[in-house]
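Worksheet: one structure, shown below.
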Amino acid sequence: MIKREKIFFTTFPSPIGEILISRTSKGVNILTFEPNKSYFFSKLENFKPFFDVIEEKKEFEREIKQLDEYFLGQRNKFDIEIDLSSGTPFCRSVWDVLYHIPYGVTLSYEEVAQRVGNKSASRAVGQACKKNPVAIFVPCHRVIGKNKKLTGFSSGLEIKAYLLKIEGLTGFKEA
């Protein structure tokens, strides 16, 4: 018999709108600014035989507190467990580079590609950023286009600009 694991999730308000967050036993596996519960459940459809999905806000007190501090400009590093097992090896290598971009610093897609060992993989880096399941915790908003242009943020460039502004980064042009 297969042991069923629990996935907890909740939604909560933020300055950029409602956020949906979920976690497995390994850590936070989803943080999205588009908290469409039916979309969330559709992503879990293949896992239903193995997981019980439970809505429980108290499971996320630590993460919500840290995000609130981030939005207030009082936190520049997160202290939480993250589960990135849903990604391909290439995506996970990109997400590792993103995770290590310091607060208040940006890299271009090309620079990230160089750091994963394939300087011609800028477009693939962009796709990996788009697939990042835990935005903010793995800061894909810190990746920008050449010449300091804001490009490629699946939740919208307005949110990307807002997150960069929190970190003291302004003056970007939209591509």
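Roughly how many whole Å is it from the C-alpha centroid of the range 67-101 to that of the range 132-152? Taking the Cα centre of each part, the range 67-101 and the range 132-152 sit 12 Å apart.
Counting only cysteine Cβ atoms and a cutoff under 4.7 Å, the chain contains unmatched residues Cys91. Evaluated over the Cα positions of the range 54-95, the convex hull gives a direction-averaged projected area, one quarter of its surface, of 4.2 nm².
Across the options Pro13, Pro139, Gly126, the greatest Cα extent toward the positive end of the charge dipole of the chain (unit charges at beta carbon of Lys, Arg, Asp, Glu) belongs to Gly126. Between Glu34 and Ser14, the contour length at 0.36 nm per residue exceeds the alpha carbon distance by 6.0 nm. On the chain, 50 percent of the accessible area sits on carbon and sulfur atoms, based on a 1.4 Å probe. In plain terms, the chain from Ile80 to Asn147 could stretch by 20.8 nm, reckoned as 0.36 nm per residue minus the Cα-Cα distance. Multiplying the residue separation of Thr88 and Arg123 by 0.36 nm and removing their Cα-Cα distance gives an extension gain of 11.0 nm. Computed from the alpha carbon atoms alone, the convex hull of the range 74-114 holds 75 Å³ per residue.
Roll a 1.4 Å probe over the protein chains and send me the accessible area per residue for the chain in Å². Display every interim value, and only then the final one.
Values: 9890 Å² over 175 residues.
Per-residue accessible area for the chain comes out at 57 Å².
Mind scanning Lys119/Lys148; Lys26/Lys149; Lys130/Lys165 and naming the pairs with a C-alpha gap bigger than 29 Å? Don't skip to the end; give the middle numbers.
Values: Lys119/Lys148 18 Å; Lys26/Lys149 35 Å; Lys130/Lys165 20 Å.
The pairs that break the limit, which is 29 Å between Cα atoms, are Lys26/Lys149.
Which whole-number percentage describes the relative contact order of the chain, with Cα contacts under 8 Å and a sequence gap of 6 or more? Relative contact order of the chain: 20 percent. Evaluated with a Cβ-only charge set (Lys, Arg +1; Asp, Glu -1), the range 1-159 carries a dipole of roughly 500 debye about its Cα centre, given to the nearest 20. For helix 61-71, report the angle its Cα long axis makes with the longest principal axis of the Cα atoms of the chain; keep it between 0 and 90° and round to the nearest 10°. Helix 61-71 and the main axis of the chain meet at about 20 degrees.
Here each label is just a point 7 Å from Cα along the line to Cβ, and for Phe71 and Glu5 those points are 2.8 nm apart.
Restricted to Cα atoms, the range 132-175 shows a radius of gyration and a Dmax of 9.6, 27 angstrom.
The values are calculated or read from the model by the stated rules, or taken from the named source; none is laboratory data. The structure presented is a predicted model; accordingly, all values stated were derived computationally and were not measured. Neighbour counts run over all protein chains shown; Cβ positions are idealised from the backbone, glycine included. Remember, those area values only see protein heavy atoms, side chains included, never the ligands or the DNA or RNA. Shrake-Rupley method; radii C 1.70, N 1.55, O 1.52, S 1.80 Å.
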